[in-house]
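We did not get these values from a lab; they are worked out from the coordinates using the rules stated. Since the structure is predicted, the reported quantities are computational estimates derived from the model, not experimental observations. Positions of Cβ are generated from backbone atoms using ideal geometry, with glycine treated the same way; all protein chains shown enter the neighbour counts.
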């Protein structure tokens, strides 16, 4: 009886154990399959790459997948896991990505990365782990040639002790590069002269002057950076120096562009503008010079920011907002600038032309600038500085256009008893005695303008040979008319009024 009781209790305990562990025995942790798509990837400095895995749930329970990177990355590498955790339903799959980005100053290195996948059955809560290894090859922006202890990074060190090491090869390489740069700078001029000796142009000398110093710096800096790989330096330091080399290239390029602009483009433009009478050439040269001095440094800054991996979106937005503020603040100046450019294009007048002033004086155009125009008041001998926007927004009268001839009139009053035809002939005679008055097709015309109060008003319309003689022509004509009237017994009429006296 005791024995059968023990058997019953054993059966009850076994059944209880089966009830407790039954679900776990039914679970299948191995139902999740993780496929590794990529075993090895390469990332260049300033760029990114990705590793991919596919997690597939072959079982009947939902599975929670958590992902983490177990390998510590250098500070110049950043990573992002997408996603870090995910629930995969039965019969479904999920992509997992490890995105890695290298900074611009990344050095060359090969890394083995360990990825850890933890799979948790969401019914049984059983956890299993799975590890995957991938290889990442990071490359420096500049390059990673095997140049250790090689002269110029090419030939094995053939120097005797104590120069048979890395520093010896480095020192000799630097001296060789300095010599190459010096020979290029000194030999460039004669080489160009030999190619252009049949021309009489001076611009080959200008080109030599412009490029020889930037070219010397370019060769020297390239030689120094390439020689650094001869030494056993820290890869991070070499990457920093290579990045500095790229920034130096941008600075040298900006310097070369600026010198080409000032010495070649602007110099050539000014030389050509001296042979033309147009002010537009000078204005365009000044505009190109001013715009170039702004664009070249700004372009260099943006290129350097791009090399450093900086996000230019916010900077461009900030510059746009700043440009609006500056544009609003400089609205008068910019308005005068564009008005000056418009004056240069439309050319309503040129230097030397004469224009009337609001006060009745006459002014001569002395200078047309990009912001202001200088006028010289011929009546007071004063210079008048006028903003271009004011000139553009008003009616412009050019006394020299369409030609230098100028039409004036002179009024004469004689008694109403005089013969109008005879007075007209005498006025024409006075015009013929005045050398500044044109004859022939441009001969003067006399008209009777008014007869009133015992006087007759005659007006003669005369063409003066040039606008510069208009005052002299009027004065001499009046003098000659007075002589002609005296010779023919004609008097100028005086104002007359009739007065009635009431004697009562």
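The stretch between residue 351 and residue 222 holds 41.3 nm of extra length on full extension. This uses 0.36 nm per residue minus the Cα-Cα distance. Where both bridge residues fall in region 30-139, DSSP classifies roughly 90% of the beta bridges as antiparallel. For residue 374 and residue 472, what is the calculated FRET efficiency with R₀ set at 30 Å and r taken between the beta-carbons, to the nearest 0.05? According to the calculation, E is roughly 0.70. Could you pull out which residues in region 244-263 have an amide N less than 16 Å from a spot 7 Å beyond the Cα of residue 301, following the Cα-Cβ vector? Label zone hits: 251, 254-255. Note on residue 86 and residue 366: the extension gain reaches 92.9 nm, defined as 0.36 nm multiplied by sequence separation minus the Cα-Cα distance. Extension gain for residue 390 to residue 116 (0.36 nm times residue separation, less C-alpha to C-alpha distance): 91.2 nm. Highest-first packing order for the peptide set 49-56, 383-390 is 49-56, 383-390, based on the mean count of other beta carbon atoms within 10 Å.
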